[in-house]
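The values are calculated or read from the model by the stated rules, or taken from the named source; none is laboratory data. Bear in mind that the values here come from a model prediction, so they are computed numbers and not experimental data. Cβ coordinates were reconstructed from backbone atoms using ideal geometry, including for glycine residues, and neighbour counts include every protein chain displayed. Accessible surface areas use protein heavy atoms only, side chains included; no ligands, DNA or RNA. Shrake-Rupley method; radii C 1.70, N 1.55, O 1.52, S 1.80 Å.
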Amino acid sequence: MPKINELKEIIANSNNIVFFGGAGVSTESGIPDFRSEDGIFKTLENYGAPPEIILSRSYFQTKPKVFYKYYKENLIHQDAKPNDAHLAIAKLEKLGKMKAVVTQNIDGLHQKAGSNNVLELHGSILRNYCMRCESSYGLDHILKSTEIPTCSCGGIIKPDVVLYEEPLDNTTMSAAIEYIANAETLIIGGTSLVVYPAAGLIQYFKGENLILINKSATEYDSYANLIINEAIGKVFKEVVK
């Protein structure tokens, strides 16, 4: 396949690659995305409100019981395993080519695959903290809790994920901008590039090769050197042996 060979050549000749990924990176691990026909935004029944409302800061504060019911049933996939994309990206880091992974995902699969320098724009389900005393808790505590997870101090525990109405972490965003601005090659995969401010990171790229790997077209296709409309795991399995 000519496009696969072209991507292989670009990676072979690049020593400063950054990967920027979205929900499509984890769908091959069995984690649904948000906006497709089978995405979690279609899950309206049994909750009394659309996901955009339930997953907001104000809803978490006023109706934490319903928030956690939705959160546990739709956003936590503890049996999910890294797929070919996660594993290939981790391998490229070990080879010294992949300098950073910038992800919109909260599942921790990049780290599970072996990537070390992962910038999680939207946080992680693996980290949780007490809103009163700021004590830290792992995912197990959330899963074992009935209804609303609480701290030993009595405070409510919040997942370290960015909810609607919350800003992205400035330190993480600044680091992502710096890596992307200095990258020779930027590979964007599994994202339709419609969610801002994360999607706006592409404007900082000034390097040679902009690669877009996504099943559907994006509004940034005209800026790319190479576009591959395939499942990202399938692509990386062919490219990184």
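Structure above, values below:
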quantity	calculated
Apportionment of accessible area to carbon and sulfur, the chain, percent (1.4 Å)	49
Residue-wise HN-Hα coupling along the stretch 4-21, computed from phi with Karplus coefficients 6.51, -1.76, 1.60 (Hz; x: Gly, Pro)	5, 5, 5, 5, 4, 5, 4, 5, 4, 9, 10, 10, 9, 10, 10, 10, 10, x
Mean-position separation - Cα centroids, the stretch 138-202 and the stretch 205-230, in angstrom	23
Three-way shape call for the stretch 114-203 based on the alpha-carbon gyration tensor, with the a/c threshold at 1.5	prolate
Of LYS8/LYS72; LYS158/LYS237; LYS69/LYS234; LYS94/LYS215; LYS69/LYS94; LYS3/LYS91, those spanning more than 32 Å from alpha-carbon to alpha-carbon	LYS8/LYS72; LYS158/LYS237; LYS69/LYS234; LYS69/LYS94
Cα centre as origin, Lys/Arg/Asp/Glu Cβ charges: the chain dipole, Debye	480
Nonlocal amide H pairs with ASN16, under 5 Å, H built at 1.01 Å	GLU184, THR185
Per residue value of the accessible surface for the chain (all protein chains in place, 1.4 Å probe), Å²	48
222 nm mean residue ellipticity, helices alone, for the chain (DSSP H n ≥ 4; -39,500 (n - 2.57); rounded to 500)	-8500 deg cm²/dmol
Top of ALA199, ALA49, ALA23 by mean-square fluctuation, Gaussian network on the chain, Cα under 10 Å	ALA49
Theoretical gain in end-to-end length, GLU134 to GLN203 [0.36 nm per residue, Cα-Cα removed]	21.3 nm
Rounded tilt (10° steps) of 64-74 against the dominant C-alpha axis of the chain	40
Among SER192, SER56, SER222: highest mean-square fluctuation, GNM of the chain, C-alpha pairs under 10 Å	SER222
Modelled FRET efficiency - R0 41 Å, SER222 with SER152, Cβ distances, 0.05 increments	0.15
Listed residues VAL25, SER192, ILE211: farthest to the positive end of the dipole of the chain (Cβ charges)	VAL25
Charge tally in the Cβ shell below 15 Å around GLY108, where Lys, Arg are +1 and Asp, Glu are -1, GLY108 excluded	-2
Spherically averaged projected area of the chain from its Cα convex hull (nm²)	12.9
Segment ASN170-ILE4, length gained on full extension (0.36 nm per residue, minus Cα span)	56.2 nm
